[in-house]
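The structure appears below as structure tokens.
Derivation of every value follows stated rules applied to the coordinates shown; laboratory data play no part. Here the structure is a predicted model, which means the values were calculated and not measured. Cβ sites come from the backbone with ideal geometry, for glycine too, and all protein chains shown count toward neighbours.
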There are 2 protein chains.
Amino acid sequence: MDPLDPDMFHPGCPSSVMPIRIGDKWSAMIIACLEQGPRRFSELRVPIHRVTPKVLTQTLRALERDGMITRTVHAEVPPRVEYELTPLGRTLLDLIEACRHWSRKHMPTLLAARDVYDHTTQP
Amino acid sequence: MDPLDPDMFHPGCPSSVMPIRIGDKWSAMIIACLEQGPRRFSELRVPIHRVTPKVLTQTLRALERDGMITRTVHAEVPPRVEYELTPLGRTLLDLIEACRHWSRKHMPTLLAARDVYDHTTQP
DNA sequence: CAGAATCCCACGTGATACTG
DNA sequence: CAGTATCACGTGGGATTCTG
């Protein structure tokens, strides 16, 4: 399995602009990262570089609670923990792809409308 | 055109549980309400009964800014303002339907997983 | 009727530092 | 390596009151 692309989530696509969200701020990115197979904690931190460990843990726990991912601790030294999508979690992949598709197709129109609005009102 | 169903958004489906969001908290509901045609401010407040006027205005403005809806003021007494979906806004209907479909199909599984998780950890 | 003005708070998120 | 522990903060959202 290939390593995750560090630039998988380009800063040029800030989530603040994206009008669609799955779960909390980082959930969709995590799920996308797990598409190819199980990943380790540190491995996830590479493409999702702006997330702090605390928040990543938080989000992973929430996803586990909702049955989206499993958390497997391997009794080794050093410790190794792997996260993997459940069948339920996999059902979100289609939805995420639908959101991506919408963004690719309509984000420019949205941003253009926003620009017009911001320029036709008092700056 | 039929009036909006006051129970269109049943309290039994709290948005806190729904893992998918379009825009901010009320955006998707507003867009769904506008599907059949233009609606007035007060008209929107019927099915979306938990929203305060301030927040509704806020959300409508944001949707207008992003080119999702148009706001038309009719010079009458009493004042009449109508909100209507733009073609761009209409593109979100499919996405919303996809989210609804996901919910109908998978929410029970999610809630069941959550129950198990909450009961297998210390209460 | 369709909001505007104020005040306010909780919560999601982040920064930083430390540990089994 | 895979987290915890604190502390802190902005802002999305709400309650209430008032108005053209």
Point to revise | Residue tally, condition in a helix (DSSP H, G or I) and within 15 Å of A:S27 (Cβ to Cβ), over segment A:78-93 | key: 6
Check your understanding: Regarding A:R50, is this residue farther than 28 Å from B:A98 by Cα and either more than 14 Å from chain B (Cβ to nearest Cβ) or not acidic (D, E) (or both)?
Key -> yes
Check your understanding: Only one of these conditions is not met by A:S42: (1) within 14 Å of DNA strand D (Cβ to nearest atom); (2) of a type in the set (S, T, N, Q); (3) within 11 Å of chain B (Cβ to nearest Cβ). Which number is it?
Key -> (3)
Check your understanding: Does A:L4 satisfy the condition of being touching a Cys at 6+ places or on another chain (Cβ under 9 Å), near DNA strand D (Cβ under 10 Å from one of its atoms), under 28 Å from B:L95 (Cα atoms) and more than 14 Å from chain B (Cβ to nearest Cβ)?
Key -> no
Check your understanding: Only one of these conditions is not met by A:M18: (1) in contact (Cβ under 8 Å) with a residue 12 or more places away in the chain; (2) within 16 Å of DNA strand D (Cβ to nearest atom); (3) away from every other protein chain (no Cβ under 14 Å). Which number is it?
Key -> (3)
**Study point:** Residue satisfying condition, being of a type in the set (A, V, I, L, M, F, W, C), away from DNA strand D (no atom under 15 Å from the Cβ) and touching a residue at least 60 places away in the same chain (Cβ under 8 Å), within set B:L92, B:L85
**Key:** B:L92
Review point. Residues in segment A:30-77 that are in contact with a Cys (Cβ under 7 Å, 6 or more places away or on another chain) and either surrounded by fewer than 17 Cβ atoms within 10 Å (Cβ to Cβ) or assigned to a strand (DSSP E or B) (or both): how many?
Key: 1
